[in-house]
Amino acid sequence: MPRHQRRTLQIVKVDGFKTWCNNYGKWKGEIPLEGGNSLVLNVTDPELCTKLDNDYILSPECLVVLSLSQPWKKRNSDDQLLCYRLVVAVLEL
């Protein structure tokens with residue numbers, strides 16, 4: 001998404017949203033992108049995490065509310081700007 005269109009909270013309609021629990025017990029969400037790529041994010045919605053912990057099957061078609069940090073750069077680094085991305089809510093359609 002172009003920088004001038006970014007917002008702190010962004011609602012995205014997703015077809016094919018997937019979730020899984022990583023080795024540390026944290027839920028991850030995956031949003032498919034064009035060209036076969038995907039965006040993997042931490043899921044921080046406590047209600048959704050509780051449902052997923054109890055074997056809830058989430059609809060792959062949903063509205064995903066993303067929290068996006070302001071771009072930042074690691075100290076003493078010439079790398080590109082980074083941005084925290086979190087799934088803060090999921091609304092099933």
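So, of the residues in the stretch 34-57 that are part of a loop (DSSP other than H, G, I, E, B) and in contact with a strand residue (DSSP E or B) (Cβ under 6 Å, 6 or more places away or on another chain), which turns out to be surrounded by the fewest Cβ atoms within 10 Å (Cβ to Cβ)? Please lay out each step first, then the result.
The first filter runs over the stretch 34-57 and keeps only residues part of a loop (DSSP other than H, G, I, E, B), leaving 37, 44-45, 54-57.
Subset that is in contact with a strand residue (DSSP E or B) (Cβ under 6 Å, 6 or more places away or on another chain): 44-45.
On the way: 44: 15, 45: 18.
That would be 44.
Kindly provide the set of residues from the stretch 14-31 that are of a type in the set (Ser, Thr, Tyr) and open to solvent by 50 Å² or more (accessible area, probe 1.4 Å), ordered by number. Answer for the stretch 14-31, where residues must be of a type in the set (Ser, Thr, Tyr) and open to solvent by 50 Å² or more (accessible area, probe 1.4 Å): just 24.
The values are calculated or read from the model by the stated rules, or taken from the named source; none is laboratory data. On a predicted model such as this, the values are computed, not experimentally measured, just so you know. Cβ atoms come from the backbone with ideal geometry, glycine included; neighbour counts cover every protein chain shown. All accessible areas refer to the heavy atoms of the entire protein, side chains included, with ligands and DNA or RNA removed. Shrake-Rupley method; radii C 1.70, N 1.55, O 1.52, S 1.80 Å.
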